[in-house]
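K.L.:
Would you mind keeping the following structure in view while I ask a few things?
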């Protein structure tokens, strides 16, 4: 059972180029196939975490593959909808910077704690789900006015930044306790 979460994370990584190809291959305004691929990737993220926790099937490889798959898919979705001029480029920059900071913070904690990785929290999970819904809306309803699209992605990014602050707080608390 230990291998299943890693396979799901690998699936998510493999789906990144498939998503990009589907997104740009679809000449319609509605990117239904890309949305379905994104939904499968998001579901695999939920499932790999659930299985890993329920069956104590975590691994060092999974601690790398899971966030890597998440970050690659998230940035790919943002880049695609930015290239399509649905959202402004600064949204990709903000999200990319947030993810880079999360990766650096996670790495530092991992090194200092000799292997421990802080668990995700409710704010982080909520921001991930909200991000998913916002991206789906932006891909399916392409006639949304640009101001509304920017407002939606700004809301998702604001929640992601709140999650970042929450994780920074957790990291600092953890580091002080060592």
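The values are calculated or read from the model by the stated rules, or taken from the named source; none is laboratory data. If you're wondering where the values come from, they're calculated on a predicted model, not measured in any experiment. In this analysis, Cβ positions are derived from the backbone assuming ideal geometry, glycine residues included, and neighbour counts consider all displayed protein chains.
K.L.:
Consider residue 58 against the criteria (1) out of contact with any helix residue (DSSP H, G or I) (no Cβ under 6 Å at 6 or more places or on another chain); (2) more than 30 Å from residue 149 (Cβ to Cβ): it satisfies all of them except one. Which criterion is unmet?
P.N.:
(1)
K.L.:
From the list 170, 150, 126, pick out the single residue that is closer than 24 Å to residue 49 by Cα and over 17 Å from the mean Cα position of the chain (by Cα).
P.N.:
170
K.L.:
Turning to a different aspect of this structure: For region 157-178, give me each residue that is within 13 Å of residue 130 (Cα to Cα) and surrounded by fewer than 17 Cβ atoms within 10 Å (Cβ to Cβ).
P.N.:
Result: 158, 161, 162.
K.L.:
For region 18-34, name all the residues that are within 22 Å of residue 85 (Cβ to Cβ) and surrounded by fewer than 20 Cβ atoms within 10 Å (Cβ to Cβ).
P.N.:
Across region 18-34, the qualifying residues are 20, 21, 22, 24, 25, 26, 27, 28, 29, 30, 32, 33.
K.L.:
Still on this structure, I have one more. Could you list all residues from region 154-168 that are more than 12 Å from residue 121 (Cα to Cα) and either without any contact (Cβ under 8 Å) to a residue 12 or more places away in the chain or not in a helix (DSSP H, G or I) (or both)?
P.N.:
Hit for region 154-168 is 158, nothing else.
K.L.:
Identify the single condition in (1) touching a helix residue (DSSP H, G or I) at 6+ places or on another chain (Cβ under 9 Å); (2) without any contact (Cβ under 8 Å) to a residue 40 or more places away in the chain; (3) assigned to a loop (DSSP other than H, G, I, E, B) that residue 92 does not satisfy, given that it satisfies every other one.
P.N.:
Condition not satisfied by residue 92: (3).
K.L.:
Give just the number: which of (1) in contact (Cβ under 8 Å) with a residue 60 or more places away in the chain; (2) surrounded by 14 or more Cβ atoms within 10 Å (Cβ to Cβ); (3) under 20 Å from residue 79 (Cα atoms) does residue 5 not satisfy?
P.N.:
Condition not satisfied by residue 5: (3).
K.L.:
Which one of these is surrounded by 14 or more Cβ atoms within 10 Å (Cβ to Cβ), in a helix (DSSP H, G or I), free of Cβ contacts under 8 Å to residues at least 60 places away in the same chain and more than 14 Å from the chain's Cα centre (by Cα): 63, 53, 111? Give the steps one after another, and end with the answer.
P.N.:
Values: 53 fails: surrounded by 14 or more Cβ atoms within 10 Å (Cβ to Cβ); 111 fails: surrounded by 14 or more Cβ atoms within 10 Å (Cβ to Cβ).
Of the residues listed, the single one that is surrounded by 14 or more Cβ atoms within 10 Å (Cβ to Cβ), in a helix (DSSP H, G or I), free of Cβ contacts under 8 Å to residues at least 60 places away in the same chain and more than 14 Å from the chain's Cα centre (by Cα) is 63.
K.L.:
Which residues, taken from region 23-32, are assigned to a helix (DSSP H, G or I) and either under 19 Å from the mean Cα position of the chain (by Cα) or at pLDDT below 90 (or both)?
P.N.:
Listed by number, the list holds a single entry, 23.
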